[in-house]
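Undergrad: After the structure tokens below, expect a handful of questions from me.
The values are calculated or read from the model by the stated rules, or taken from the named source; none is laboratory data. Predicted, not measured: the structure shown is a model, and the values here were computed from it. As a convention, Cβ positions derive from the backbone with ideal geometry for all residues, glycine included, and neighbour counts pool all protein chains shown.
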Amino acid sequence: MTRNRHAGEPFRDDDETIAAALADVSVPALMCSLVHMTGDPSWIRGDIRPRVANSLDIQSGLPPAERAEIRRRALPAIAAYRDAGCEPRELESELLLEMMAFLGTRPVGGRLADLFVDDLGFDGGDAGAITWGDQIPASAKAECGVVVIGAGLGGILAGIRLAQAGLPFTIVEKNDGPGGTWWENRYPGARVDIGSHQYCYSFEPAHHWSEYYCRQPELRAYLASIVDKYGLRPRIRFATTVTRVTWDDAQARWRVHVRPADGPADGPEEVLDARFVISAVGSLNLPRLPDIPGMDSFAGPSFHSARWPEGLDLAGTRFALIGAGASGFQIGPAVADDVKRLTIFQRTAQWIIPNRLYHAAVPAGERWALRHLPFYGRWFRFLTTYPGIALGTDPYRVDPDHHDPTGRSVNAGNAQRAEALAGWMTTLLADRPDLLPKVVPDYPAAGKRILQDDGTWLRTLARDDVELVRAAIDRIVPDGIVTADGVHHRADVICYATGFRHNDFLASMDVTGRGGVNLRAQWGDEPTAYLGITIPNFPNLFCVYGPGTNLAAGASLFYHSEFQVHHALEAIRQTLLSGARSCEVRPEVHDDYVERTQAELAQLVWSHESIRHSHFKNPNGRIYTLSPWPLDLYREWTRHADPDAYLFT
Ligand code: NAP
């Protein structure tokens, strides 16, 4: 019998090694692992219990004395487990739910429990694996070619599932390697800001992360390793751009036009034939450069953050950073030591959550536990993911009766949060109070995508060789940037960390659907899709990370992608089983979904009119980029391709 892959690798380490490791672990996650080791539920039924469920507090508020007590009691239990051969006990599902409630500090049932039972896979399986391949006759499979566009985290996942279904497919990727955004964004300091242990596929737990929020090279290597593990590399056409995707009404098939990524725009194209297309092109990858007079006149290197020049030497330079959202906020501190002077131009201040783990290495003991202690990694994932998912969107809801003269909140809880975050900034800048008016935002907390930090950003701003400029930029000149107050800021290098064309979904190619309908014309500035996945007039086309699926709070996109790919494969399964040639969302179902989504978004902080600049918003200030739906609800909606929602023709 194969060992459950979450049972941990058996170990023979001595007591001293184990005791040293225990000093580094998350004690609440350890307590759950101890139930697996001993079969004894009293570990989670005693007086020592998590005080809070908070994704950023891996000790769940347990005071040091209680942590020490559990560690003391854990050592002989772990030693006994080792001496008995490292065989974890089988646990009943009710006990697993009780353990979820223990870590979550309240009962976990219904949709949330279903989500986590699948996600954590205590049976060692992959709940999302495709098992229906055999239901489809070989002849039907053979003529059911699928083209997946993009080999980022969504496209790789689609490839894994299509291979399991036994369907022929090709992944087309414009870059020279896999990873999507984690292939492209190589700027100094690039790292994930969702915990690494939840920023990975549910069925490919990554116990190896070196940091709690790991850096780009490690993420890129993780995604490449998944591509190789699942044998996807031969199925990916790298360095190939999709220019056009056109539906052939008569044949009920897609024609996917491709050309070499480094070839001329008007060069010869090849046409791939496909029954289904899965677009996994991402939505934060078309750089948005600002339109500032004089940009072309700048004498030194200038580039977008996602196009960081290979081998750029910054030593001795005056470095201008335009934009300080999620990217700029990582670049600034990472280059400050290398440059002679760093000038940061920030149009809107950013709310930041304190997170002491943001730049922290996963200590050796924690890594030992993730590797060896049964289900420790699963519980660690739960501990860091559940609180955000369980909160849903209520903390972000605008209370019409709430009035805040500072403009920093939309409900009472939001006001407390704004006060706490501003207080944290004030404490960190005790020696530089002059910076406070520049860094404390004047709009509701979490109204733009919130950042998190261990203080590195504010410490960087406080350096003598760093300047934060909040004045508007007037123009760019050959040797720098002139602001509206007339100051000439000299610069040798300019990095535009000005974000992406978030609202322009699938804008890198021309998509023509049934009856010659053009996707861009259909969408205008209001891109919509049913569940963010399927679009009326575009049969047999599925989006991963499509319109209205970005998560402004709550969870990692890996979760969403798994639900979306599952839904796409369900629709494909039903199409093939029914003998239909195409599957298309019914317009009224799409319209109803969009109406509900818009009504929900209108009540949430991200739509608040006080937020003038936000990549979530379209040019008219409306939001078509975000999902307002709690993850467990969205998962339930995506489980089935409902025949009432789809027309199988
Ligand atoms: P962003 O959040 O849109 O930030 C762009 C920055 O450029 C903002 O400071 C913006 O100011 C400024 N800007 C844009 N146009 C400007 C103009 N014309 N003049 C002056 N300033 C201008 O873009 P991003 O930092 O690249 O991040 C985009 C998204 O990518 C994030 O929300 C996140 O989802 C993802 N991301 C994630 C990570 C991570 O996981 N660690 C890292 C990077 C990016 P305003 O705020 O006033 O618009």
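Undergrad: Residues being over 19 Å from residue 297 (Cα atoms), in contact (Cβ under 8 Å) with a residue 60 or more places away in the chain and not basic (Lys, Arg): count how many of those fall in segment 477-504. Let's see the steps before the verdict.
TA: In the first step, residues of segment 477-504 are kept if they are over 19 Å from residue 297 (Cα atoms); the result is 485, 499-504.
Filter again for in contact (Cβ under 8 Å) with a residue 60 or more places away in the chain, leaving 499-504.
After this cut, where a residue has to be not basic (Lys, Arg) as well, the list is 499-500, 502-504.
Matching residues across segment 477-504 total 5.
Undergrad: For segment 536-649, which fully contained helices (runs of 4 or more DSSP H) count at least 1 residues that are touching a strand residue (DSSP E or B) at 6+ places or on another chain (Cβ under 7 Å)?
TA: 557-578, 587-601
Undergrad: So residue 325 ticks every box in (1) more than 15 Å from the ligand (Cβ to nearest atom); (2) out of contact with any Phe, Trp or Tyr (no Cβ under 6 Å at 6 or more places or on another chain); (3) part of a loop (DSSP other than H, G, I, E, B) but one. Which box is left unticked?
TA: Looking at each condition in turn, residue 325 falls short on (1).
Undergrad: If you don't mind, there's one more thing I want to ask. Could you tell me whether segment 599-617 includes any residue that is on the phi > 0 side of the Ramachandran plot and either surrounded by fewer than 16 Cβ atoms within 10 Å (Cβ to Cβ) or in contact (Cβ under 8 Å) with a residue 12 or more places away in the chain (or both)?
TA: For segment 599-617, residues on the phi > 0 side of the Ramachandran plot and either surrounded by fewer than 16 Cβ atoms within 10 Å (Cβ to Cβ) or in contact (Cβ under 8 Å) with a residue 12 or more places away in the chain (or both): absent.
Undergrad: Now, a different point. For segment 505-534, give me each residue that is over 30 Å from residue 324 (Cβ atoms), aliphatic (A, V, I, L, M), touching a residue at least 24 places away in the same chain (Cβ under 8 Å) and out of contact with any helix residue (DSSP H, G or I) (no Cβ under 7 Å at 6 or more places or on another chain).
TA: 509, 529
Undergrad: Still on this structure, I have one more. State all residues of segment 202-215 that are at pLDDT 95 or above and in contact with a helix residue (DSSP H, G or I) (Cβ under 6 Å, 6 or more places away or on another chain); if no residue qualifies, say none.
TA: 202
Undergrad: Has segment 9-24 got any residue that is outside any helix (DSSP H, G or I), of a type in the set (Ser, Thr, Tyr) and modelled with pLDDT of 95 or more?
TA: No: segment 9-24 contains no residue that is outside any helix (DSSP H, G or I), of a type in the set (Ser, Thr, Tyr) and modelled with pLDDT of 95 or more.
Undergrad: Check whether at least one residue in segment 257-271 is surrounded by fewer than 19 Cβ atoms within 10 Å (Cβ to Cβ), farther than 19 Å from residue 179 by Cα and either basic (Lys, Arg) or within 16 Å of the ligand (Cβ to nearest atom) (or both), and report yes or no.
TA: Yes, some residue in segment 257-271 is surrounded by fewer than 19 Cβ atoms within 10 Å (Cβ to Cβ), farther than 19 Å from residue 179 by Cα and either basic (Lys, Arg) or within 16 Å of the ligand (Cβ to nearest atom) (or both).
Undergrad: Shifting gears a bit: Could you tell me how many of the residues in segment 399-414 are buried (at least 18 other Cβ atoms within 10 Å of the Cβ) and among the aliphatic types (A, V, I, L, M)?
TA: Residues in segment 399-414 being buried (at least 18 other Cβ atoms within 10 Å of the Cβ) and among the aliphatic types (A, V, I, L, M): 1 in total.
Undergrad: Residue 347 - would you say it is away from the ligand (no atom under 16 Å from the Cβ), in the same structural domain as residue 457 (by TED's automatic domain parsing) and at pLDDT 95 or above?
TA: no
Undergrad: Would you confirm whether or not segment 351-373 contains a residue that is touching a Ser or Thr at 6+ places or on another chain (Cβ under 9 Å), of a type in the set (Phe, Trp, Tyr), more than 16 Å from the ligand (Cβ to nearest atom) and under 21 Å from residue 28 (Cβ atoms)?
TA: yes
Undergrad: Tally the residues that are touching a Pro at 6+ places or on another chain (Cβ under 7 Å) and in a helix (DSSP H, G or I), restricting the search to segment 401-416.
TA: 2
Undergrad: Name the single residue that is nearest to the ligand (Cβ to nearest atom) among those in segment 272-298 being in a strand (DSSP E or B) and buried (at least 16 other Cβ atoms within 10 Å of the Cβ).
TA: The qualifying residue nearest to the ligand (Cβ to nearest atom) is 287.
Undergrad: While we're here: Filter segment 454-475 down to residues that are more than 11 Å from the ligand (Cβ to nearest atom) and closer than 30 Å to residue 550 by Cα and give me whichever is surrounded by the fewest Cβ atoms within 10 Å (Cβ to Cβ).
TA: 454
Undergrad: Quick one: is residue 601 modelled with pLDDT under 95 and more than 16 Å from the ligand (Cβ to nearest atom)?
TA: When the stated conditions are applied, residue 601 does not pass them.
Results for (1) in contact (Cβ under 8 Å) with a residue 40 or more places away in the chain; (2) in contact with a Phe, Trp or Tyr (Cβ under 8 Å, 6 or more places away or on another chain); (3) loosely packed, with under 14 Cβ neighbours inside 10 Å, shown as yes or no for each residue.
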site	(1), (2), (3)
43	no, no, no
52	yes, no, yes
58	yes, yes, no
65	no, no, yes
74	yes, no, no
83	no, no, yes
